[in-house]
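Right, one structure below, let's go through it.
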Amino acid sequence: KADGRGVHRFYRPEMLADAQGRKRLEDDLRIALQHDQMHVCYQPVVSAETARIVGFEALVRWEHPKRGPVSPADFIPIAEECGLIEAIGERVLRAATRDAAGWPEDVRVAVNVSPIQFANPALPVLVANALASAGLAPSRLELEITESVFLTDSAQSDRMFAALKGLGVRLALDDFGTGYSSLGYLRSAPFDKIKVDQSFVRGAAMPGGRNAAIIQAIVTLATALGMETTAEGVEIQDEIELVRRLGCSHIQGYVYGRPMLGAQAAEALAANQGRASPVGHKVSRAPRSRM
Ligand code: C2E
Ligand code: MG
Ligand code: MG
Ligand code: MG
């Protein structure tokens, strides 16, 4: 990615361009699941008010033995097409709930849920089982859902929302403002939080743009509906100050931490809570969170 600001070390498969390449990636994905090539990383989410870590978002990582890291932006859509997303999603959920059970009780974990998973009536049972076997309180799990889930049958999505809320988990609307945004969704869907997409945050602190006004409007709406707001993709100090001023309740982005291994997340929490964490102590060779 010629982004300039963030360093992207992901392999971008040019092979995705043709059908044969996609098939190869699909085959590789199946192998990846069988051979433990995937793990979960955690990116801190901080309170805008106190800058303390209040949670982490679980983000799947795939280390291809030959190509190196492949971006989820590239392989998740393929996994969704070929039916592998359910297996990946379940493993992420199990790894994330298990890791979160080792964190302080006021720290949550957020897990992304694909629209394919959301359309499967078995999802609530799967979530309940993961929580039970990890021993994690449901209120400590937040499921991130994108607007695309509303493209499916609305009676069915209403039932799913009710079933998930019935478990006691939290729901967040991810990447808000980028999809087929309809305010009608916010009328009935029981979201606890709206995540303001990073495309609105990027450059919002520069003069003359319209992003700040859009963030402001989203925050006003969310707050009036009793929902929290996370500003995603915050990279610089000016953006922290801006989204705080605009009233976002939470902040997530490289400025507070990139996605990190489970052991590093635990370290960051220890430092965050003012407990022992020797300065400069690195856990870069820490084991991955197996999934
Ligand atoms: P997302 O759920 O919106 O996750 C946030 C993405 O923004 C992550 O990219 C994260 O690394 C990136 N990010 C966070 N802070 C910054 C920042 O300050 N600057 C920039 N430039 N980027 C930032 P990642 O990990 O590559 O994931 C991309 C997308 O792939 C996710 O977007 C999500 O839609 C999907 N994804 C990742 N893990 C999973 C998973 O376990 N299940 C499902 N279904 N989707 C996943
Ligand atoms: Mg997300
Ligand atoms: Mg997002
Ligand atoms: Mg996204």
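Here's the yes/no breakdown for (1) open to solvent by less than 10 Å² (accessible area, probe 1.4 Å); (2) closer than 26 Å to G257 by Cβ:
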residue: R22; (1), (2): no, no
residue: I31; (1), (2): no, no
residue: Y42; (1), (2): yes, yes
residue: T50; (1), (2): no, yes
residue: G68; (1), (2): no, yes
* Structure fact -> Checked the stretch 151-178 for anything within 16 Å of ligand 4 (Cβ to nearest atom) and either open to solvent by 40 Å² or more (accessible area, probe 1.4 Å) or part of a helix (DSSP H, G or I) (or both); matches are D175, T178
* Find the residue count for the stretch 234-246, including only residues that are open to solvent by less than 10 Å² (accessible area, probe 1.4 Å) and within 16 Å of ligand 4 (Cβ to nearest atom). => 1
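Please verify whether S249 is within 16 Å of the chain's Cα centre (by Cα) and small (G, A, S), treating the condition exactly as stated. Write out each step before concluding.
On the way: within 16 Å of the chain's Cα centre (by Cα): no; small (G, A, S): yes.
No, not satisfied.
Out of all the residues in the stretch 81-98, is one or more more than 28 Å from D28 (Cβ to Cβ), open to solvent by 10 Å² or more (accessible area, probe 1.4 Å), in contact with a helix residue (DSSP H, G or I) (Cβ under 8 Å, 6 or more places away or on another chain) and touching a residue at least 24 places away in the same chain (Cβ under 8 Å)?
Within the stretch 81-98, the subset more than 28 Å from D28 (Cβ to Cβ) is none.
Looking for residues that are more than 28 Å from D28 (Cβ to Cβ), open to solvent by 10 Å² or more (accessible area, probe 1.4 Å), in contact with a helix residue (DSSP H, G or I) (Cβ under 8 Å, 6 or more places away or on another chain) and touching a residue at least 24 places away in the same chain (Cβ under 8 Å), one finds none in the stretch 81-98, hence no.
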* Structure fact -> Per the list (1) among the aliphatic types (A, V, I, L, M); (2) outside any helix (DSSP H, G or I); (3) touching a strand residue (DSSP E or B) at 6+ places or on another chain (Cβ under 7 Å), residue check on L136 breaks on (3)
* To do: Output the number of the condition that S182 fails; it satisfies all remaining conditions of (1) away from ligand 1 (no atom under 13 Å from the Cβ); (2) of a type in the set (S, T, N, Q); (3) surrounded by 15 or more Cβ atoms within 10 Å (Cβ to Cβ).
  => (3)
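The values are calculated or read from the model by the stated rules, or taken from the named source; none is laboratory data. No experiment lies behind these values; they were computed from the predicted model shown. Using ideal geometry, Cβ is built from the backbone for each residue, glycine included, and neighbour counts are taken over all protein chains shown. Note: areas computed on protein heavy atoms with side chains; ligands, DNA, RNA excluded. Shrake-Rupley method; radii C 1.70, N 1.55, O 1.52, S 1.80 Å.
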